[in-house]
């Protein structure tokens, strides 16, 4: 196995320290703050050593190449983008604290996701449609490294699936803007120019995300080992379990504990360093 370490302040001296823990002399520089330690041995001290230094680490099999992937799927809110859109809409409705509390409980897996979403959307009843535009234009920002990751996908022919328990209004705009291949999300009901506080159609929950992932993988003829899934919340876990590599991106503890690896301090372009 190879040990990939990366972090915003990781340096060559620290890479040498990690190599001693992993009992390997083979250090490969991937980027200014990223290194691959080849033929690394697992040591129980490595996770705590990395955590204390804000370093992300992952043990990856030798020869796992990014160009060998066929499908990369990722969540939208707090993964592809830095915000939770529904929390920002709640802010514009004067209900941000209430909405954000329910969001946090749902992402930790403490509340059934469909029920949590209905409760949050109900708090948006009467909000002008223009508020959606304002969130997109004024508050929505891509996560650091997102554009580099998507550019690599285009370059290597890796198809991208955006799966979101958020809203089509934002997902479809990002899909077109970023050249994303597939997407699934929820539809807000709008009557005239105001939100009704209800959703249209089936709610995109954990099972819907997983089902869409399976369908796209089958369409592409992608084996499990040719897929990656990235998420941050409990409703991403079923999808992530079906991927060859699952990445918990700045995620809740329940997600980090079940993923192949976690990126807690590195940008989304850190996914690229996991592969050769």
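The values are calculated or read from the model by the stated rules, or taken from the named source; none is laboratory data. None of these values were measured; they are calculated from a predicted model. Because the Cβ atoms are built from the backbone with ideal geometry, glycine has one as well, and the counts that use them run over all protein chains shown.
If residue 89 satisfies all but one of (1) under 20 Å from residue 252 (Cβ atoms); (2) surrounded by 22 or more Cβ atoms within 10 Å (Cβ to Cβ), what's the number of the condition it fails? Status for residue 89: all satisfied but (1).
For region 130-141, the criterion of a residue being farther than 26 Å from residue 215 by Cα and touching a strand residue (DSSP E or B) at 6+ places or on another chain (Cβ under 6 Å) is satisfied by at least one position.
Residues that are closer than 15 Å to residue 272 by Cα and in contact with a helix residue (DSSP H, G or I) (Cβ under 9 Å, 6 or more places away or on another chain) do not occur anywhere in region 8-24.
Scanning region 143-161 for residues that are part of a strand (DSSP E or B) and either outside the structural domain of residue 267 (by TED's automatic domain parsing) or surrounded by 23 or more Cβ atoms within 10 Å (Cβ to Cβ) (or both) yields a single hit, 161. Look at (1) farther than 19 Å from residue 268 by Cα; (2) touching a residue at least 12 places away in the same chain (Cβ under 8 Å) and you find that residue 146 fails only one, number (1). Confirm whether residue 258 is surrounded by fewer than 18 Cβ atoms within 10 Å (Cβ to Cβ) and closer than 18 Å to residue 107 by Cβ. It is true that residue 258 is surrounded by fewer than 18 Cβ atoms within 10 Å (Cβ to Cβ) and closer than 18 Å to residue 107 by Cβ.
On inspection, residue 75 passes the criterion of being within 17 Å of residue 259 (Cβ to Cβ) and assigned by TED's automatic domain parsing to the domain that holds residue 266.
For region 104-115, the criterion of being touching a residue at least 60 places away in the same chain (Cβ under 8 Å) and within 20 Å of residue 172 (Cβ to Cβ) is met by no residue. Residues that are free of Cβ contacts under 8 Å to residues at least 60 places away in the same chain and closer than 28 Å to residue 65 by Cβ within region 158-176 comprise just one, 175.
Within region 177-207, the set of residues being out of contact with any helix residue (DSSP H, G or I) (no Cβ under 9 Å at 6 or more places or on another chain) and assigned to a helix (DSSP H, G or I) comprises just one member, 177. Scanning region 106-117 for residues that are out of contact with any strand residue (DSSP E or B) (no Cβ under 7 Å at 6 or more places or on another chain) and assigned to a helix (DSSP H, G or I) returns 106, 107, 114, 115, 116. Name every residue in region 130-175 that is farther than 20 Å from residue 228 by Cα and at pLDDT below 95, in order of residue number. Residue satisfying the conditions is 166 alone.
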